[in-house]
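In what follows, a structure is listed as structure tokens, so that the remarks can point back to it.
The values are calculated or read from the model by the stated rules, or taken from the named source; none is laboratory data. Predicted, not measured: the structure shown is a model, and the values here were computed from it. Ideal geometry is used to build each Cβ from the backbone, glycine not excepted, and the neighbour counts take in all protein chains shown. Surface areas here come from the heavy atoms of the whole protein model, side chains and all, with no ligands, DNA or RNA. Shrake-Rupley method; radii C 1.70, N 1.55, O 1.52, S 1.80 Å.
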Amino acid sequence: MTMLEELTDPMLTSPWVVRDVEQETSDTFSIRLEPRDGDENKPYRFRPGQFNMVYLFGVGEAPISVCGDPARLGTIRHTTRIVGTVTRHMGRLRPADTVGIRGPFGTAWPMEEAEGKDVILVAGGIGLAPLRPVMHTITENRDKFGRVILFYGARTQEDILYRKELEGWASSLDLEVFATVDRGTLGWHGNVGVVTTLIKRGPIEPGNSIVMICGPEVMLRYSVQEILGRGLSESQIYVSLERNMKCGIGHCGHCQLGPEFVCRDGPVFPYTRVARQLNVVEL
Amino acid sequence: MLKDILATHPLLRKLSPDTRSLLHDCAIEVSIKKDEYLLKTGENADRFYLVQHGSVALQIYDPRIGSIEFMTVQENDVVGWSWMFPPCRWHFDAMAKEDVSAVQVDGVQLLLRCETDYRIGYQLMSCFSQIMMERLVAARLQMLDLYGERNPEETERGTP
């Protein structure tokens with residue numbers, strides 16, 4: 001079976017080799033994957049916001065957002081946090097280990113719709129990972145987008161993800177980065193408070209803007225409230241949701257959210273499509 | 001200049017012209033150097049600040065750790081509302097994180113007017129209630145520790 005045929009079967013994993021593992025914070029790490037020898041022409045492409053099912057042989061499978069640069073073909077980067085069995089074992093991966101990949105799955109951030117508009121990104125915690133490809137796409141095609149504003153909230157300064165990259169974006173003259181931490185600790189001189197407080201005073205001009213939000217669902221709901229309070233409409237907002245995704249193709253139903261399957265119809269949704277469901281308890 | 005600041009400040013948008021005029025009579029522009037304190041816990045709460053430029057750390061002092069910043073207040077934010085409520089003592093410290101320019105308003109005079117003119121009192125209370133609500137929501141979200149330890153049964157995708 002050729003690699004192309006492999007990818008046409010969404011339930012079949014393809015083997016990828018760990019090139020390096022980078023510790024991002026105390027409980028969060030990134031892995032970079034490369035094709036196995038002989039598979040270098042593997043046609044892996046993804047769009048910002050999509051995810052892979054990452055399979056650890058003998059352990060299990062977990063859905064992880066792809067957080068690399070969509071323009072860099074041939075490698076896959078995942079950032080994840082240790083929250084369960086699979087990610088705990090993922091944290092023990094070493095270069096040259098092999099993992100199985102199915103994907104990419106799901107919907108993407110609306111990059112084409114964002115062209116010509118101001119782009120407002122709101123990320124909380126590890127929610128920055130699924131938005132990282134958006135930042136890559138924007139920085140590589142900077143003239144296609146208007147003002148770019150990133151609001152990012154982390155738990156403490158030690159939990160800030162991609163710190164060097166954030167500092168690089170912040171020092172860029174044509175990107176505006178506002179970071180905050182929930183808890184100020186010694187040595188942190190930046191903003192303290194939840195990310196929603198940044199939205200309240202950020203330099204937002206509602207007219208020609210598009211908003212992409214990724215983070216814990218509570219943060220997401222309150223961020224939407226603040227965005228609406230700044231004069232934007234629900235139709236300008238996109239959110240990335242997380243549910244218990246298993247099959248990745250909308251067959252098993254584990255990730256069902258009302259009429260939607262998050263793995264197939266999401267994870268990126270127009271807010272208008274899921275606004276009602278987000279306020280239903282236990283959905 | 002002061003008049004312009006009060007006329008355009010988001011917090012004061014809904015005030016009537018006479019209430020804004022009263023504020024103007026009670027207000028002065030001030031500069032606070034980096035690391036200087038605007039307020040100290042336990043001291044007499046007799047004023048509030050409308051921050052124009054710079055940022056202010058709201059802090060609690062813990063003898064084991066030192067000063068813990070729990071919120072940063074910035075341009076167009078307000079520092080201080082304990083002047084409205086007996087016993088009119090500051091509950092927290094407020095320290096300039098950088099050079100700050102602000103409008104300082106005499107809370108004692110304002111409070112006296114509020115006691116005799118309920119219309120002014122209502123307008124000011126409406127303004128400050130809005131801030132209190134926003135701070136309460138923010139504090140509750142902070143308490144939830146949204147990015148903290150998670151239930152192992154939660155999913156493992158790259159999003160939180």
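For B:SER31, the solvent-accessible surface computed with a 1.4 Å probe is close to 100 Å², ligands and nucleic acids excluded. Distance from the alpha carbon centroid of segment A:49-88 to that of segment A:10-46 works out to 8 angstrom.
Extending 7 Å from Cα along the Cβ direction at A:ASN41 and again at B:ASP117 yields two label points whose distance is 8.3 nm. Relative to the longest principal axis of the Cα atoms of chain B, the long axis of helix B:118-144 makes an angle of roughly 10 degrees. Compactness of segment A:13-60 was expressed as the Cα radius of gyration divided by 2.2 N^0.38 Å, which yields 1.31. Its residues counted as N, segment A:3-105 yields a C-alpha radius of gyration over 2.2 N^0.38 Å of 0.98. With Rh defined as the Kirkwood radius, the inverse of the mean 1/r over Cα pairs, the Rg/Rh of segment B:54-107 is 0.99.
A:LYS144 to B:MET125: FRET efficiency via 1/(1 + (r/R0)^6), r the Cβ-Cβ distance, R0 60 Å, to the nearest 0.05? After rounding to 0.05, the efficiency reads 0.80. With R₀ fixed at 60 Å, the C-beta to C-beta distance from A:ASP97 to B:LEU11 puts the FRET efficiency at about 0.60. Centre-to-centre, using Cα atoms only, segment B:1-42 and segment A:95-168 are separated by 39 Å. Within the full protein context, the accessible area of B:LEU141 is estimated at about 10 Å² for a probe radius of 1.4 Å. The accessible-area loss of segment A:69-110 on complex formation, taken against its chain alone with a 1.4 Å probe, reaches 50 Å² or more at A:ARG81, A:VAL83. Using a Gaussian network model of chain A in which every pair of alpha carbons under 10 angstrom is joined by a spring, one finds that among A:ILE199, A:ILE237, A:ILE82 the greatest mean-square fluctuation is at A:ILE82. The mean accessible area for residues of segment B:2-149, using a 1.4 Å probe and ignoring ligands and nucleic acids, is 54 Å² per residue. Of the whole protein surface, B:HIS24 contributes about 70 Å² of accessible area at a 1.4 Å probe radius. Solvent exposure of segment A:111-240 amounts to 37 Å² per residue of accessible area, where only protein heavy atoms count and the probe is 1.4 Å. Averaged over the residues of B:70-78, the number of partner chain Cβ atoms lying within 10 Å of the residue Cβ comes to 4. Between the helical axis of B:17-26 and the longest alpha-carbon principal axis of chain B there is an angle of about 90 degrees. Percent of alpha carbon pairs in the protein assembly as shown separated by more than 43 Å? When all Cα pairs of the protein assembly as shown are counted, 22 percent exceed 43 Å.
Would you please classify the overall shape of chain B from the alpha carbon gyration tensor, given that a ≥ b ≥ c denote the square roots of the eigenvalues, rounded means a/c under 1.5, and beyond that prolate means a/b larger than b/c while oblate covers the rest? It is prolate, given that a/c is not under 1.5 and a/b is the larger ratio.
Rounded to a whole number, what % of the accessible area of segment A:163-280 do carbon and sulfur atoms account for, probe 1.4 Å? Reported share for carbon and sulfur atoms: 51 percent. In terms of its C-alpha gyration tensor, segment B:20-60 comes out oblate, because a/c is 1.5 or above while a/b does not outweigh b/c.
Please sort through the DSSP H helices of chain A and keep those with an alpha-carbon extent of at least 15 Å along the long axis and a Kyte-Doolittle average not below 0.5. The answer is none, since no helix passes both cut-offs. The angle separating the long axis of helix B:107-116 from the principal Cα axis of greatest extent in chain B is about 70 degrees.
Summed over both chains, the contact between B and A buries some 3100 Å² of accessible surface at a probe radius of 1.4 Å.
Is the C-alpha gyration tensor of segment A:110-246 telling us rounded, prolate or oblate? Criteria: a/c under 1.5 is rounded; beyond that, a/b larger than b/c is prolate, otherwise oblate. Here segment A:110-246 falls in the rounded category.
The convex hull built on the alpha-carbon positions of segment A:160-224 has an orientation-averaged projected area of 5.3 nm². Relative contact order for segment A:111-240: 29 percent, from Cα pairs under 8 Å spaced at least 6 residues apart, divided by residue count. In this structure, the pairs whose alpha-carbon distance is over 26 Å, taken from A:LYS200/B:LYS3; A:LYS164/B:LYS33; A:LYS117/A:LYS246; A:LYS117/B:LYS97; A:LYS200/B:LYS97; B:LYS14/B:LYS34, are A:LYS164/B:LYS33; A:LYS117/A:LYS246; A:LYS117/B:LYS97; B:LYS14/B:LYS34. The residues of segment B:93-110 listed by number as losing at least 20 Å² of accessible area in the complex, against the isolated chain and with a 1.4 Å probe, are B:LYS97. Once C-alpha pairs closer than 8 Å and six or more residues apart are averaged by separation and normalised to the residue number of segment B:2-149, the relative contact order reads 30 percent.
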